[in-house]
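Take a look at the structure set out below.
The values are calculated or read from the model by the stated rules, or taken from the named source; none is laboratory data. Given the structure is predicted, the values throughout are model-derived calculations rather than measurements. Every residue, glycine as well, gets a Cβ built from its backbone with ideal geometry; the counts of neighbours run over all protein chains shown. Calculation scope for accessible area: heavy atoms of the full protein, side chains included, ligands and nucleic acids excluded. Shrake-Rupley method; radii C 1.70, N 1.55, O 1.52, S 1.80 Å.
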Amino acid sequence: MPHCAIAAQTTGHAALHLITARTLSFIDDPGIVGEERSYEFHEKGAIVVDDDGSIAWSGSAVDLPAEHRDLPSTGYGDKIVMAGFVDAHLHFPQYRMIAAFGKDLLDWLNRYTFIEEQRYADAGFARQAAAKFLDELVRNGITSCLAFSTIHPVALDALFEEALQRGMALVSGKTMMDCNAPKGLSDTAETGYRESKELIAKWHGVGRLQYAITPRFAVTSSEAQLEATGVLKREHPDLILQTHLSENDAEIAAVANSFPWSKDYTDVYDHYGLLSEKAFFAHGIHLSERELARMSEAGASVVHCPTSNNFLGSGLFRYHHTREAGRPVSIGVGSDVGGGTNHSTLATLRDAYVVSQLVGSRITAFDAFYLATLGNSRLMHLDHEIGSLAPGRTADLVVLDPEATPIMAERHALSNSLHDELFALMIMGDDRAVAETYIAGKPVKSALAR
Ligand code: GUN
Ligand code: ZN
């Protein structure tokens with residue numbers, strides 16, 4: 001990957017150095033290999049960051065090779081260092097319109113979202129927003145994400161320029177929508193296709209950036225646009241594709257009405273060739289057995305967005321049901337800001353746990369932290385680069401403080417296992433629990449203007 005050269009070019013070298021802390025790194029999915037075999041944890045851990053921003057070595061400090069012992073070091077004591085969080089679904093142009101009072105998804109989209117997103121036609125506005133959006137990710141320990149932009153090429157330019165400057169691994173795309181939306185937020189089948197092609201040529205593979213083909217959802221795309229999206233996907237089979245699926249009852253009814261020939265909502269995307277191992281479908285709350293089997297067969301991923309599902313009253317996602325053996329569907333986790341109510345990954349995991357309780361099948365803290373790190377990275381085919389502390393990965397890290405607030409410190413005193421500690425972190429934590437964020441080996445949260 002060319003990212004190291006770009007990181008060096010744009011953000012300066014990360015000097016060879018040592019980080020000591022309690023370290024946690026996932027190896028595999030705890031739901032598949034069992035908890036014990038899913039992670040590596042060191043009470044006295046060490047990470048050697050190479051001067052190209054990659055992880056040169058990680059493990060228990062007692063095993064640190066002699067040549068690394070005298071490196072300049074940063075010690076985080078009892079704090080936990082793990083791979084930076086990956087948010088697998090959120091909306092850049094909605095970063096500041098969270099907490100908008102809407103009746104349900106379609107009402108909320110029409111009343112607030114489609115108004116706010118039209119502002120991103122202005123390149124200057126989009127540039128300022130991109131800086132603030134990425135600052136907010138950094139503040140929350142999120143080092144990579146799969147994000148929607150707007151229909152405006154200038155908005156994606158702004159986001160990618162800012163991410164490139166920071167050396168971040170971002171995946172995003174120009175949103176395509178050509179019906180059921182205001183004029184200022186609509187493209188056409190032809191312009192959506194052409195502008196996407198131009199942006200792919202301009203941005204995909206630059207630094208650590210990747211382009212994602214981004215039809216908003218079947219409600220706002222005509223048959224002609226979905227057809228053109230299928231062509232785009234066939235022409236660029238390696239690209240990630242992201243959209244929304246089966247989030248809300250009225251949305252599902254609208255899709256059935258627009259595509260009367262379809263078996264169901266999933267069949268609409270399937271018909272145009274949009275299901276693949278690199279396809280991400282946000283929400284997927286109300287999928288039928290047929291749809292789940294088809295998603296499983298295609299190797300497509302559903303992104304669970306619990307704070308958004310709760311906020312918009314969309315429904316309760318059944319994590320274990322969706323993963324059921326026989327037709328397991330890959331699942332990621334995302335904030336879905338601004339439908340989501342918090343940029344914090346810890347808050348997202350908290351709601352994922354609460355929703356799992358409400359449907360009667362508990363996810364563990366290990367499940368949750370796996371999803372937000374290695375799990376999402378794997379789905380995005382980025383686990384060779386991010387998602388764990390394995391040597392060779394880029395040193396995108398989050399430093400978590402289980403004692404970030406007085407009450408968290410009191411709760412922490414009662415913790416009697418790693419699981420207990422992680423669980424309290426995700427139930428009580430937010431951006432205050434993120435003591436530092438590293439991108440390509442450089443501390444970036446502490447460098448933010450307050
Ligand atoms: N479906 C289509 N667009 C959106 C969006 O912006 N947010 C959510 N939550 N669902 C959508
Ligand atoms: Zn969304």
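Given the conditions (1) buried (at least 24 other Cβ atoms within 10 Å of the Cβ); (2) more than 13 Å from the chain's Cα centre (by Cα), which single one is not true for Leu414?
Going through the list (1) buried (at least 24 other Cβ atoms within 10 Å of the Cβ); (2) more than 13 Å from the chain's Cα centre (by Cα), Leu414 breaks only (1).
A quick yes/no check of all residues on (1) within 16 Å of ligand 1 (Cβ to nearest atom); (2) charged (D, E, K, R):
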position	(1), (2)
Tyr272	no, no
Leu292	no, no
Met295	no, no
Gly299	no, no
His304	yes, no
Ser308	yes, no
Leu312	yes, no
Gly315	yes, no
Arg318	no, yes
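Within the range 134-145, can one find any residue that is of a type in the set (Lys, Arg) and without any contact (Cβ under 8 Å) to a residue 12 or more places away in the chain?
Taking every residue of the range 134-145 in turn, none turns out to be of a type in the set (Lys, Arg) and without any contact (Cβ under 8 Å) to a residue 12 or more places away in the chain.
Please specify each residue of the range 221-241 satisfying the condition of being open to solvent by less than 50 Å² (accessible area, probe 1.4 Å) and either within 11 Å of ligand 1 (Cβ to nearest atom) or charged (D, E, K, R) (or both).
Residues satisfying the conditions are Ser221, Lys233.
Given the residues Asp401, Asp396, which is the only one that is under 18 Å from the mean Cα position of the chain (by Cα), charged (D, E, K, R) and surrounded by 17 or more Cβ atoms within 10 Å (Cβ to Cβ)? Explain how you work it out, then say what you get.
Details: Asp401 fails: under 18 Å from the mean Cα position of the chain (by Cα).
On inspection, the qualifying residue turns out to be Asp396.
List the number of the failed condition for Leu422; all other conditions in (1) assigned to a helix (DSSP H, G or I); (2) touching a residue at least 40 places away in the same chain (Cβ under 8 Å); (3) open to solvent by 30 Å² or more (accessible area, probe 1.4 Å) hold.
For Leu422, the exception is condition (3).
For Ser388, are the conditions met, namely being touching a Phe, Trp or Tyr at 6+ places or on another chain (Cβ under 8 Å), open to solvent by less than 40 Å² (accessible area, probe 1.4 Å) and modelled with pLDDT of 95 or more?
yes
Could you tell me which residue of the range 348-372 is most open to solvent (accessible area, probe 1.4 Å), considering only residues that are in a helix (DSSP H, G or I) and not hydrophobic (A, V, I, L, M, F, W, C)? So that I can check it myself, show each step before the final result.
Within the range 348-372, the first condition is being in a helix (DSSP H, G or I), and the residues that meet it are 348-358, 365-372.
From what is left, the residues that are not hydrophobic (A, V, I, L, M, F, W, C) are 348, 350-351, 353, 356-357, 367, 370.
Values: Thr348: 5, Arg350: 94, Asp351: 23, Tyr353: 34, Ser356: 4, Gln357: 75, Asp367: 16, Tyr370: 14 Å².
In this case the residue turns out to be Arg350.
Checking Pro237 against (1) part of a helix (DSSP H, G or I); (2) more than 16 Å from ligand 2 (Cβ to nearest atom), only one condition comes out false. Which one?
(1)
Only residues in the range 91-112 that are farther than 13 Å from Arg216 by Cβ count as the first member; pair them with residues that are part of a helix (DSSP H, G or I) and within 14 Å of ligand 2 (Cβ to nearest atom), Cβ under 7 angstrom, at least 6 apart or cross-chain, and list the lot.
Qualifying pairs under 7 Å: Met97/Tyr112; Met97/Thr113; Met97/Glu116; Ala100/Trp108; Ala100/Tyr112; Gly102/Trp108; Gly102/Tyr112.
Please go through (1) touching a strand residue (DSSP E or B) at 6+ places or on another chain (Cβ under 8 Å); (2) more than 25 Å from Phe317 (Cβ to Cβ) for Ala189 and return the number of the only condition it doesn't satisfy.
Here Ala189 meets the rest and fails (1).
When you check Ile331 against the structure, is it crowded, with 19+ Cβ neighbours inside 10 Å and either within 15 Å of ligand 1 (Cβ to nearest atom) or basic (Lys, Arg) (or both), yes or no?
Spelling it out, it is not the case that Ile331 is crowded, with 19+ Cβ neighbours inside 10 Å and either within 15 Å of ligand 1 (Cβ to nearest atom) or basic (Lys, Arg) (or both).
Considering only the range 292-310, how many residues are surrounded by fewer than 23 Cβ atoms within 10 Å (Cβ to Cβ) and either under 17 Å from Ala352 (Cβ atoms) or touching a residue at least 40 places away in the same chain (Cβ under 8 Å) (or both)?
1
Out of the range 334-344, which residues are open to solvent by less than 10 Å² (accessible area, probe 1.4 Å) and either under 16 Å from Val303 (Cβ atoms) or within 15 Å of ligand 1 (Cβ to nearest atom) (or both)?
Selection gives Gly334, Ser335, Asp336, Val337, Gly338, Gly339, Gly340.
Looking at the range 121-132, can you tell me whether even one residue there is under 21 Å from Gly192 (Cα atoms), away from ligand 1 (no atom under 14 Å from the Cβ), in a helix (DSSP H, G or I) and open to solvent by less than 10 Å² (accessible area, probe 1.4 Å)? Before you say what the answer is, go through the steps one by one.
Within the range 121-132, the subset under 21 Å from Gly192 (Cα atoms) is 121-123, 126.
Of the ones still in play, those that are also away from ligand 1 (no atom under 14 Å from the Cβ) are 121-123, 126.
With the extra rule that they be in a helix (DSSP H, G or I), the set shrinks to 121, 123, 126.
Those left that are additionally open to solvent by less than 10 Å² (accessible area, probe 1.4 Å): 126.
The answer is yes, given that some residue of the range 121-132 is under 21 Å from Gly192 (Cα atoms), away from ligand 1 (no atom under 14 Å from the Cβ), in a helix (DSSP H, G or I) and open to solvent by less than 10 Å² (accessible area, probe 1.4 Å).
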